[in-house]
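Each remark here refers to the structure printed beneath this line.
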Amino acid sequence: MEPTIGLLLALSFLVSLLALTFLIWAVSSRQMAFNQAQARTIFVAGEEGHADNPGISPNADDDTHHFDPARAGIDAISARPVTILLTTAVLWLVVGSIFGLTASLKLHWPDWLGDEAWLTFGRVRTIHLNIVIYGWSSLGLLGVVFWVAPRMFHTRLRHPHLAEVGALIWNLALLAAVFALATGWTDGEEWLEIPWQIDMLLAVASACFVLPLLRTAAARNVHHIYVTGWYWMAAICWFPVLFVIANLPGLFVGAQQATVNWWFAHNVLGLWLTPLGVGAGYYFIPKIIGKPIYSYSLSLLGFWALALFYSQVGIHHLIGGPVPTWVVTLSIVHSVMMFVPVITVAINQHVTVAQNMWAFKQSIALRFVSLGAICYTLASFQGSIEALRSINTVVHFTQYTVGHAHLGAYTFLSFTLFGAVYHMMPRITGCSWPWPRLIPVHFWLVVIGFTVYFVALSIGGIYQGLAMLDATRPFADSVILLKPYLESRSVGGALMTLGHFVFAAHFAAILLQRRPAAVSSAPMTQPVVAA
Amino acid sequence: MTDLRPSDDEFEPYEEDRGIPLPVSWIAIALALWGIVMLYHNNRSVMIGRSERSEAAKPQSRDVGAGGAGIFLARCATCHQPNGSGVAGAVPPLASSPFLKAKPEVVVQILLHGIDGPIRVGDDVFDGHMPSFASVLSDDDLAQVANHVRKGWGASQTISAAFVAGQRARFPDRGAWNGGSEIAATLDPTLPPQPAPRPDAGTGIDPAVAGLVQHGSGDAWACASCHGSQGQGRANVPRLAGLPAAYISAQLAAFASGSRRDDTMTVVARALSQNQRETVGNYYAGLRTPSTARPSLDGDLERGEILALQGDWKHGVPACFSCHGPSGFGVAPGFPALAAQHPAYTADQLAAWRGKVHRASPNDVMNMVANSLSDSDRRAVADFLATLPPVPAAHRQEPVHGRSVAR
Amino acid sequence: MNRILPLSILALAILALATLMLVVVPGMQINAQPATPGLQPYTAIQLRGRQTYVSMGCVYCHSQQPRSTDQGPDGERGWGRPAIASDYAYDSPHLLGTMRTGPDLSNIGARLPNQAWHLAHLYQPRSVSAWSIMPAYSFLFEVKERAAPGDVVVRIPNGRGPKHGVLVAKPEAIDLVAYLQSLDRTMVAPAHAERDDGYAKSER
């Protein structure tokens, strides 16, 4: 194909730009009925202006309000599917962390646990990735979705049993996938390792989540759909399509397969986990503070810009590789354009927190969620810069990208989830956290652990990349210089894993705590800590 | 549907309908403009990439310019001199050489197979070491250069590429001509009397050496398992055929002691006795193998040629050939042949000198040279050296196994 | 933003545009190119070895996509000429990789064709390179009292082999090495090949 045609194709970027311009114009000139009042749909009467920090601080505000989701039976119906989703997610987090730590240790102790095929680095690492992405992050965020959505829509969850069936199939499929990967049965592409036969089960499971969310949204008792709802509904429509296309067997070969691979791998982050996480941030931050987000019209721009730009960034994983130049450049340009939606989200979320620092100090749940949101901003900025050819040539193929991946997939998603779980569990169980002092322990273990992890891999990765680009240094240098950084990463990873044990133990404790009465059977008489 | 928004208990005034902050719009516009420029530049990169690939795809990618004269200047004039006068006592003159006036197949056969033996031109006897150009020049190039030298200094009968092709097919497997007498006996008996050929040195290789080279022994992997059945090398595995024997055994000793770094060669060298190292050196020094090297690093061949022949004194780079011998054939015992070496190996070695990975150079000469070469210079000179014909081995020794060399 | 159907349709339309640009059109361009002249399809043994490469997760540390000389020294390291799309015509799953904890393997068959080396290195990488952090694949080998006819006996240098008996490569190891030996993309790239030329700069 002639290069000029490649140029024309690449300028399809203009389509996205036109859409963006239209949006900015529409928002600025009030073409859409859009106002700050709509940002308040997450509150029920009396909630606004009060911090919402249940089950942690003993002096929490326990006013009863005009409308109470618990008394209205909303929470009671969501409780069961959400408990299933969150419990399995936490279990996967523990298992996934153990696999992750094992993989990290094996990189500098290569002969440790080396006698079994299923314990070889290539498999342990793959099992870690699939468990934390499809087990912990996906299931955990789905738990958040099915807890928050009914509250946000002021109505009970529709088809709760379908969501439970989905959770069950999803978990069984993931369990099968872990055994498949351990025995070496894999489709062999990064992020798409799970055999497609098992993927079909996962696709069925993901389809089970579409209906409950959309039907609940359709039946809402509030006119406006809050921004969180857009992100979540879009994500829940995107994921099954993405997942099925990428896993169609026998359709793609060679270099094209690589483009499909990275189209999927980045979209599963950009169009599935990111909108779930950003949506959660958009709900929890104003909800915990008790004040609406800073600028509601910005959130509209942020949402559509994310959809337009994030969907086409995937090929930046193939910079310098055997795919047409224009598609690589297209992805680089879209990666850099991601600054636009990220800045809008950052303004909305961080300014809201910055104006209410008292809440940040008071609520550990907000601290987790807000830190997750900050890391989303940082990871996205880092990702945009990493996609530039001049930077990418150094850090591509190095451990730096592993640090970046964890800044996004760990601190953003997991911190948001930790905060959400700390916020939700007292409501779901009707009990306070049994050992509130463990929560800061968890917080500091993962924060310090991750800092060590990220700093080590970022610095080590840059040195590794510079060594590989230097013809006068043998390749061995890039391996030898990396070892202390890999060891530091294991220290950081061990602290994070320890933090997860603390979190999981605490989670188990609140779940198994003797309750005054079962939540699901007697919602109306359930004492509420705070609504 | 009812909007449950509390309308009456506002506790803090909010600015309603905050718009899009102006800086956000400016950032979006700036990024969009940058993106369009990036995409537009895309086109130029593709064009350059294509021209690089079409350069690399040319069969012999050295653009020698003006036909036979150009090839002569590039390939022959280093030794035979631009005016064909040769070098007294070392290189036979072409001007008024009886070999050029003889039948056309004589010059073509010499170009195809080279000479390794005594030869008389006029009143002088030379110890002939001419390389074979069969692997580095096409039939058409060979016809052009043969016509150029014959028209300049010999007969005027024109040689065609088809004729060269016929001559190439005539002795497909032979090595160099063993001096003038074999040429006279085989091709043209009308040539003036020629000195007696050198006794054949290479008949019968010690089966122990052959076993070592082809099958390895103990911890030593077979040399041929990486360097090829005829020491031709590949990628960054060096060509060994025709390197000085003492150089090879010295390198093996350096690998064994760790003064030259290579994990695999250290294992091999440590498994070999001093005697075995010398035998292996002798074996490869006598091996005659067509070149399988070709430029592969996008190097600028013209720049490479200047560096090899003249050096770049502005940057303190001496000509490669000033130490490694005319045409890069090497100077025993210390200077390895560079001609027909694989470019990835040559460039990697130069980079290693620069990175001070090697420590075995006399007076650190190579460190100084390599320090003065830029990245692109290393690739240029490595690619140029790959276009040269292989060194004519010091004495004849037939390879043990079949002759076909995979390219 | 209060209606679910338009939101879902627009969201899916944007995904469709992304799929068109990142999957369909590049795919048409790539598939229009025949396999690089000289590239051989894999044999049954090589495919079995490739399956082992896939199942052991070699791709997580080894790329198979040399960069251009304008971008990095891959060519000087002997990793091969810049990769082009048609080099992968027979590859499924593709094994381009995104990490170089170990060296690129696109041309490992050309630069390290030695079976005995590969077997020893797979059994214990540190027997060859003390600095290596590659896992040992000792479970692809077995220790026997004495070799049976047809067994491939492996010798491990530097005394890193088993203390007693002979070390024999299992078929998986032999097939894996056959696959590695088949990795040879040294054939000339056609000028109209597709690759990311974004780093190309004219030197002359």
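The values are calculated or read from the model by the stated rules, or taken from the named source; none is laboratory data. As the structure is a prediction and not an experimental result, all values here were calculated from the model. Using ideal geometry, Cβ is built from the backbone for each residue, glycine included, and neighbour counts are taken over all protein chains shown. Protein only, heavy atoms only, side chains kept; ligands, DNA and RNA dropped before computing areas. Shrake-Rupley method; radii C 1.70, N 1.55, O 1.52, S 1.80 Å.
For the stretch A:295-308, 3J(HN,Hα) computed residue by residue from phi via the Karplus equation (6.51, -1.76, 1.60; θ = phi - 60°) reads 9, 5, 5, 4, 5, 5, 4, x, 5, 6, 5, 4, 4, 5 Hz, glycine and proline entered as x. Chain B against chain C buries an accessible area of about 3200 Å², both chains summed, 1.4 Å probe radius. Centroid-to-centroid, using Cα positions, the stretch B:247-319 and the stretch A:93-145 are 45 Å apart. Taking C:A44, C:A173, C:A110 as the candidate residues, the one with maximal mean-square fluctuation in a Gaussian network model of chain C, Cα springs under 10 Å, is C:A44.
In this structure chain C gives 36 Å² per residue of accessible area when probed at 1.4 Å with all protein chains present. For the stretch C:74-151, trypsin sites (Lys or Arg not before Pro) are listed when DSSP marks them as loop and at most 15 other Cβ atoms sit within 10 Å of their Cβ; the list is C:R146.
Principal-axis analysis of the Cα atoms of chain B puts helix B:274-285 at an angle of about 80° to the longest axis. Compared with the direct C-alpha span, the chain from A:A405 to A:T21 gains 135.2 nm at full extension, assuming 0.36 nm per residue. Here's how it looks for B:V317: its modeled amide H is under 5 Å from those of B:D312, which are all 5 or more places away or on a different chain.
Close amide-amide hydrogen proximity is noted between C:V152 and C:A169, each under 5 Å apart and 5 or more residues distant or on a separate chain (H modeled in the peptide plane; Pro and chain starts excluded).
Per residue, how much accessible area does chain B have with a 1.4 Å probe, in Å²?
Heavy-atom accessible area per residue stands at 43 Å².
Rolling a 1.4 Å probe across all protein chains gives B:V365 an accessible area of roughly 60 Å².
Summing +1 for each Lys or Arg and -1 for each Asp or Glu, what net charge is found among the other residues whose Cβ lies under 13 Å from the Cβ of C:Y90?
Details: positive: C:R50, C:R185; negative: C:D87, C:D91, C:D184.
Value of the local net charge: -1.
Relative to the isolated chain, which residues of the stretch A:440-472 have their accessible area cut by 30 Å² or more in the presence of all protein chains (1.4 Å probe, heavy atoms, no ligands or nucleic acids)? For the stretch A:440-472, once contacts with the other chains are taken into account, A:M468, A:L469, A:A471, A:T472 lose 30 Å² or more.
May I ask you to rank A:M357, A:M425 by accessible area, largest first, using a 1.4 Å probe over the protein chains only?
Working: A:M357 80, A:M425 0 Å².
Per-residue accessible area, sorted high to low, gives A:M357, A:M425.
Buried accessible surface for the B/A pair, both sides summed and rounded to the nearest 100, is 4100 Å² with a 1.4 Å probe.
Annotation: per residue accessible area for chain A equals 30 Å², rounded to a whole number [probe 1.4 Å, protein chains only]. Relative to the longest principal axis of the Cα atoms of chain C, the long axis of helix C:171-182 lies at roughly 60 degrees. For the residues B:M130, A:M338, B:M368, a 1.4 Å probe over the protein chains yields an accessible-area ranking, largest first, of B:M368, B:M130, A:M338.
Please report, as a whole percent, how much of the solvent-accessible surface of the protein assembly as shown comes from carbon and sulfur atoms (probe radius 1.4 Å). Show your work: numbers first, answer last.
Numbers: 25570 of 40750 Å².
Roughly 63 percent, rounded to a whole number.
Per-residue Karplus couplings for the stretch A:198-212, computed as 6.51 cos²θ - 1.76 cosθ + 1.60 with θ equal to phi - 60°, are listed in order as 6, 4, 4, 4, 4, 5, 4, 4, 5, 5, 5, 8, 5, 4, x Hz, Gly and Pro entered as x. Take each residue in C:138-149, count the other chain C-beta atoms within 10 Å of its C-beta, and the mean is 1. Normalised by the number of residues in chain B, the mean separation of alpha-carbon contacts (under 8 Å, six or more apart) gives a relative contact order of 15 percent. Straight-line reach from B:K314: taking Cα to Cα under 24 Å and skipping same-chain neighbours fewer than 8 places apart, the lysines in range are B:K356. Listed by chain and number, the lysines placed with their C-alpha closer than 30 angstrom to that of A:K106 are A:K483, C:K144, C:K163, C:K170; residues fewer than eight positions away on the same chain are left out.
Where both bridge residues fall in the protein assembly as shown, DSSP classifies roughly 85% of the beta bridges as antiparallel. Straight Cα distances below 26 angstrom link B:K151 to the lysines B:K101, B:K103, with same-chain residues fewer than 8 positions distant left out. A cut-off of 5 Å between modelled amide H atoms, ignoring neighbours fewer than 5 places along the same chain, links B:L287 with B:G242. Any idea what angle helix A:138-153 forms with the longest principal axis of chain A, computed on alpha-carbon atoms, 0 to 90 degrees, nearest 10? With both axes taken from Cα atoms, the answer is about 40 degrees. Chain A and chain C together bury an accessible surface of about 7400 square angstrom, both sides counted, with a 1.4 Å probe and no ligands or nucleic acids included. Counting heavy atoms of the protein chains alone, B:S138 has an accessible area of about 50 Å² for a 1.4 Å probe.
Compute the Cα gyration tensor for the stretch B:301-386, then decide on rounded, prolate or oblate, letting a ≥ b ≥ c be the square roots of its eigenvalues: rounded whenever a/c is under 1.5, prolate when a/b is larger than b/c in the other cases, and oblate in all that remain.
rounded
Could you check what % of the DSSP bridge pairs in the stretch B:67-186 are antiparallel, to the nearest 5?
On the way: 8 of 9 bridges.
For the stretch B:67-186, the DSSP antiparallel bridge percentage is about 90.
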